[in-house]
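The block underneath contains the structure these notes are about, expressed in structure tokens.
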């Protein structure tokens with residue numbers, strides 16, 4: 001039982017370290033026509049947004065672009081984070097089922 005607790009604490013420390021490292025993993029997402037570009041880190045923090053001047057002419061269109069592109073960026077970041085943290089969890093606790 002003590003070995004298990006030690007392993008859990010070790011895994012938690014690795015997860016925390018990985019979260020810090022994920023701050024530096026920058027992912028790019030852009031609209032299909034490159035009029036909007038978003039940079040996001042793997043911890044789902046928006047780092048930058050580029051908006052082409054053409055989108056500034058139509059508020060509704062810009063809002064739609066932002067929603068679609070930001071949601072795609074967040075999904076991409078979430079998948080990256082889950083893959084990284086899931087690998088650490090499986091390594092630290094190989095007998096537990098992780099979905």
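Rule-based calculations on the coordinates, nothing more; no lab input. Keep in mind the model is a prediction, meaning the values are calculated, not measured. Cβ atoms come from the backbone with ideal geometry, glycine included; neighbour counts cover every protein chain shown.
Which of the three applies to segment 2-92, rounded, prolate or oblate, going by the alpha-carbon gyration tensor with a ≥ b ≥ c and a/c under 1.5 meaning rounded? Please report the intermediate quantities before stating the final value.
Working: a/c = 4.46, a/b = 3.74, b/c = 1.19.
Since a/c reaches 1.5 and a/b is larger than b/c, the shape of segment 2-92 is classed as prolate.
Each residue, residue 74 and residue 32, gets one label point 7 Å from its Cα in the Cβ direction; the gap between the two is 2.2 nm.
Dividing the mean sequence gap of close Cα pairs (under 8 Å, 6+ apart) by how many residues the chain holds gives a relative contact order of 30 percent. Taking the DSSP beta bridges with both ends in the chain, the antiparallel portion is around 100 percent.
Would you calculate a helix-derived [θ] at 222 nm for the chain, using -39,500 (n - 2.57) for each DSSP H run of n ≥ 4 and dividing by the full residue count, to the nearest 500? Mean residue ellipticity, 222 nm, calculated: -20000 deg cm²/dmol. Relative to the first principal axis of the alpha-carbon coordinates of the chain, what is the inclination of helix 59-92, with its axis defined by its Cα atoms, in degrees from 0 to 90 and to the nearest 10? The answer is roughly 10 degrees.
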